[in-house]
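The values are calculated or read from the model by the stated rules, or taken from the named source; none is laboratory data. Fair warning: this is a prediction, and the values are worked out from it, not measured in the lab. Every residue, glycine among them, receives a Cβ derived from its backbone with ideal geometry; neighbour counts consider all protein chains shown. Protein only, heavy atoms only, side chains kept; ligands, DNA and RNA dropped before computing areas. Shrake-Rupley method; radii C 1.70, N 1.55, O 1.52, S 1.80 Å.
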Amino acid sequence: MTGPGLHWKNWPLLVKGSAIIMTSLAMLLGSVATSYKLERQSADATAEMLRTLQVQRDLHLLHTLVAEAATGVRGYLLTGVDDFLTPYRAAEAQLPGAMASLQKNIRDPQQLARLRVLLPSVRQKLAGLDSLRRQYSADPETVRASLLSGRRILNQLRDGIGAMNARESLLVEQRTAAVQDALRRNVLMNAATIMVGLAGALAMLLFTLRVVWRVRLAAENAERLVNDQPLIATGGARDELGLLADRLHKASFLLANRAAAAQAASVAKTEFLSRTSHELRTPLNAILGFAQLLETNKSTDQNPQHVAHIIRAGKHLLSLIDDLLDVARIEAGQLAVTASAVPVAPVLLEALALLTPLASQYHVQLQAPGECGSLSVQADRQRFTQIVLNLLSNAIKYNGARGQVRIAAAAQGDMVAIAIADDGAGIAVDMKNRLFTPFDRLGAQHGTTEGVGLGLAVSRSLAQAMGGSIAADSAAGKGSVFTLLLPRSAPPGQAAAQLPVALSAGTDKRAGPARTVLCVDSDASSLVLIETLIMRRSNWTLVAARTAAEGVALVRQHVPDILLLDPDLADQATLTVLRNDAVLAGLPLVILGTDVDPPPADAAGYLRKPLNVPEFFELLDRIMQ
């Protein structure tokens, strides 16, 4: 629909209602004004009609009085009886009033001209009658001459009065027609006024009914929206109700999309739980299986291989748990990063070194980055390393047979771009929008490649938390390039740390002072593991406790060189007891916990479970030097 109708549909409801009311009111006022004018015209026509009738009456009275006066005077002359003069006296008394009334009521120009001729004749006739009345004793010839003269004047009066009567009759017809026409127009105007009022009322009624219908439709659509039902189509109006309908329609699409997304997320999480169950069971199967073989000592010659399998499976299991914890922190908005200047080259070399065994397993060649020794980024080193490891491991696992993984780092203005390219199958166009969706492996869950679909999602969130981003450039059959952008930083003041060298976890046969280590942990397996590690230092002794109270008692009894404390037991009461004791106040405290267990501010160190054995010995050796 186009033109005025479309504009009307788009008008606000207040403007529409006001337009209908004002239009109806204007038409009603116009009808009232016209009716008033017609009423005035009818009144004027009626007044003219009444004046015309009065003129006819006055003319008839004038003619009657003159004629009767003349007859009375003649009778008096013939008989001498004074009673015959009564009509004359009546005419003499009434004629001035009749003539004045004619002068007042006659408006027609022709009648006024005739009246100006007639009135002198009337006065002349009265004067002649008065003279004739006095000639009662005169000779007959004189009387006869006066009678003949009066006769001529009377005939003139009759002719004039007759002409005026004829003219007034015509005027009566005209003014009667005018009155009837005015009455007819008045009736029509009254009918039109009634029709205008009815039309205005009908328009307002239709407008109100339309608004009520649209409000009910909006309410029904709102109810349908709540019940997740399709909405009833509405018109394309852009008024308030139209905008409400449009917003409800958009809300229905939004809710439908969210419902679809929620359903997809539910399906993805269901698949994720299934995959996670499988992924967690796989390393646990290796850990428990090889651990049972070690327990039975039936294949002692293969113990090193079994231990290697257990360590590899344990690390894989730990990686899965770390990813799950990172996702939980990201969704809860509790992901914390500590940014500092981090050299790029050591992180890349460290990641390449860690993933070389995985690349050998998949027969993929890792290509070291070019010259990037001067590049540094503002980032959390642990999270930066985690992102690079995720991207590199994906490039290895999803690469082609005998493929290559290439790393390049370069400055781009205020950012540093680290590109990791592979020779894999690439990513289809219709799957790119799902690339960073948690738990979505883009169909790879049906293959043999390990993973739960969290690496890219976690990596992008980590990059964004550090002020960077991750972009993917891929095409089906042409490999993929993932580019990590992080803020550029000036190189740190001191030389970058070299790749970590694994410390020996074997038995230390060096002589040295005896050391006592007190470990308080409620988990028996953890205590056994700590005891096994401490036994590898010949001059170290372990004292173990399962509760905080027992640990405090043993601390006072043995006064150890270092205290290892589980965070579940490191409550404020225990720490207060230790810090308020003059002997134990300087005791080094090391917390054995996880990433979600913040250590006390005065802790001497922090060891993350599961323990990294070289890191364990490095920390304890450093504290007890």
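Table: residues versus (1) open to solvent by less than 50 Å² (accessible area, probe 1.4 Å); (2) touching a Lys or Arg at 6+ places or on another chain (Cβ under 7 Å); (3) not aliphatic (A, V, I, L, M).
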{"position": "Ala163", "(1), (2), (3)": "yes, yes, no"}
{"position": "Ser169", "(1), (2), (3)": "no, no, yes"}
{"position": "Val172", "(1), (2), (3)": "yes, no, no"}
{"position": "Thr176", "(1), (2), (3)": "yes, no, yes"}
{"position": "Thr193", "(1), (2), (3)": "yes, no, yes"}
{"position": "Gly197", "(1), (2), (3)": "yes, no, yes"}
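Regarding region 113-122, can at least one residue be identified that is of a type in the set (S, T, N, Q), part of a helix (DSSP H, G or I) and surrounded by 15 or more Cβ atoms within 10 Å (Cβ to Cβ)?
yes
Name the single residue, out of those in region 461-489 being in a loop (DSSP other than H, G, I, E, B) and at pLDDT 80 or above, that is surrounded by the fewest Cβ atoms within 10 Å (Cβ to Cβ).
Among those that are in a loop (DSSP other than H, G, I, E, B) and at pLDDT 80 or above, it is Gly467.
Looking for something more than 22 Å from Leu14 (Cα to Cα), out of contact with any Gly (no Cβ under 7 Å at 6 or more places or on another chain) and part of a helix (DSSP H, G or I) - is there at least one such residue anywhere in region 204-221?
Yes, the conditions are met somewhere in region 204-221.
Give me the residue from region 407-431 that is on the phi < 0 side of the Ramachandran plot and part of a loop (DSSP other than H, G, I, E, B) and, out of that set, surrounded by the fewest Cβ atoms within 10 Å (Cβ to Cβ).
Asp414
Among the numbered conditions (1) of a type in the set (S, T, N, Q); (2) surrounded by fewer than 15 Cβ atoms within 10 Å (Cβ to Cβ); (3) within 26 Å of Ile106 (Cα to Cα), tell me where Thr79 comes up short.
Among (1) of a type in the set (S, T, N, Q); (2) surrounded by fewer than 15 Cβ atoms within 10 Å (Cβ to Cβ); (3) within 26 Å of Ile106 (Cα to Cα), the lone unmet condition for Thr79 is (3).
Being modelled with pLDDT of 80 or more, surrounded by 15 or more Cβ atoms within 10 Å (Cβ to Cβ), of a type in the set (Gly, Ala, Ser) and farther than 17 Å from Leu619 by Cβ narrows it down to one residue among Ala496, Ala548, Ala514; which is it?
Ala548
Looking at Val15 and the list (1) open to solvent by less than 40 Å² (accessible area, probe 1.4 Å); (2) of a type in the set (Val, Ile, Thr); (3) without any contact (Cβ under 8 Å) to a residue 12 or more places away in the chain, which single condition is not satisfied?
(1) is the only condition that Val15 fails.
Mind checking which pairs have a first residue in region 450-477 that is on the phi > 0 side of the Ramachandran plot and a second that is at pLDDT 80 or above and assigned to a loop (DSSP other than H, G, I, E, B), Cβ under 9 Å, 6 or more apart or different chains?
Within 9 Å, the pairs are Gly467/Ala339.
Which one of the conditions (1) crowded, with 20+ Cβ neighbours inside 10 Å; (2) of a type in the set (A, V, I, L, M, F, W, C); (3) within 20 Å of Ala401 (Cβ to Cβ) does Leu358 fail to meet, given that it meets all the rest?
It fails just one condition, (1).
Restricting attention to region 362-376, does a residue exist that is within 19 Å of Pro491 (Cβ to Cβ), under 47 Å from the mean Cα position of the chain (by Cα) and outside any helix (DSSP H, G or I)?
Yes, region 362-376 has at least one match.
Would you be able to tell me the number of residues in region 390-406 that are under 9 Å from Gln365 (Cα atoms) and not in a strand (DSSP E or B)?
Total satisfying the criteria: 3.
Give region 346-371 a look and list any residue that's over 23 Å from Gln464 (Cα atoms) and not aliphatic (A, V, I, L, M), or say none.
Across region 346-371, the qualifying residues are Thr356, Pro357, Ser360, Gln361, Tyr362, His363, Gln365, Gln367, Pro369, Gly370, Glu371.
Does Arg133 qualify as being at pLDDT 80 or above and open to solvent by 50 Å² or more (accessible area, probe 1.4 Å)?
Considered against the rule, which asks whether it is at pLDDT 80 or above and open to solvent by 50 Å² or more (accessible area, probe 1.4 Å), Arg133 comes out as no.
Quick check: anything in region 592-600 within 24 Å of Thr338 (Cβ to Cβ), part of a helix (DSSP H, G or I) and touching a Leu at 6+ places or on another chain (Cβ under 7 Å)?
no
Between a first residue in region 338-354 that is part of a strand (DSSP E or B) and of a type outside the set (A, V, I, L, M) and a second residue that is buried (at least 20 other Cβ atoms within 10 Å of the Cβ) and modelled with pLDDT of 85 or more, which pairs have beta carbons less than 6 Å apart while being 6 or more apart in sequence or on different chains?
Short answer, once both residue conditions are applied: Pro343/Ser376.
Only one of these conditions is not met by Ala549: (1) small (Gly, Ala, Ser); (2) closer than 29 Å to Ile321 by Cα; (3) in contact with a Ser or Thr (Cβ under 9 Å, 6 or more places away or on another chain); (4) assigned to a helix (DSSP H, G or I). Which number is it?
So the condition that Ala549 fails would be (2).
Within region 556-569, identify whether any single residue is modelled with pLDDT of 85 or more, in a loop (DSSP other than H, G, I, E, B) and surrounded by 14 or more Cβ atoms within 10 Å (Cβ to Cβ), and answer yes or no.
yes
Pairs, please: C-beta under 6 Å, at least 6 apart or cross-chain, first residue modelled with pLDDT of 75 or more and in region 582-603, second open to solvent by 30 Å² or more (accessible area, probe 1.4 Å) and in a strand (DSSP E or B)?
Cβ pairs passing all conditions: Ile591/Tyr606.
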